[in-house]
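Novice: Let me begin by handing over the structure; questions about it come next.
Here, each number is a calculation from the coordinates, and none is a lab measurement. The structure displayed is predicted, hence computed values, not measured ones. We place every Cβ from the backbone using ideal geometry, glycine too, and count neighbours over all the protein chains shown.
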């Protein structure tokens, strides 16, 4: 998608709504039904979820320009396929995250780059409270860098899980909806991921 297409997606999504139609008060599912015939309804969905999708994409690619471009692709694809969206009792955000996951996976495949969490944003992986002591702060930064090196060695699916868990702060049931797995399967995958992460970090010592 070129810059012109990105601008069109954003401008389309941000078209003002009619005062007679308080779309902002509608649920996601109601907005999806309206969006199939009204672009303004999709605009409300865009404004409601663009920050979360951008944050997710950014943590997977670690670059502002790429994150902006890929976020636009996610919503362009969502708009293009909104007629194919099937509720099935799942939140609309689960559908968006799945699209985002596929867009990011295609991006990394096309660029032959492994998904990674950007080093400068490691705080979201669960950092300790700020200490005033300079030595403690240096030790903490070293530990963060070590953690990120370990995370980058994980398979993409497990990086995906960690971003949803620690960056998006989603519950296992919500992650299961996004990754199309049961809550129990997510718990098991999370446990295996932590074990693998611990093993990798031990090898970095």
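Novice: Exposure proxy check: 99, 138 ranked by fewest other beta carbons within 10 Å?
Specialist: If I rank by nearby Cβ atoms, fewest first, I get 138, 99.
Novice: Which FRET efficiency value, to the nearest 0.05, do you get for residue 196 and residue 143 by plugging their Cβ-Cβ distance into 1/(1 + (r/R0)^6) with R0 = 22 Å?
Specialist: My answer for the efficiency is 0.75.
Novice: Students often check this: by mean Cβ neighbours within 10 Å, which of 196-203, 144-151 ranks highest, and how do the rest follow?
Specialist: 144-151, 196-203
Novice: OK, next. Go ahead and run the numbers for FRET between residue 204 and residue 135, Cβ-Cβ distance against an R0 of 25 Å, rounding to 0.05.
Specialist: 0.75
Novice: Next question. I need the Kirkwood Rh of segment 36-77: take the reciprocal of the average 1/r across all distinct C-alpha pairs and report it in angstrom.
Specialist: Evaluated over segment 36-77, this radius sits at 10.7 Å.
Novice: In whole Å, largest first, what are the principal axis extents of the Cα atoms in segment 132-205?
Specialist: The Cα atoms of segment 132-205 stretch 43, 27, 16 Å along the principal axes, largest first.
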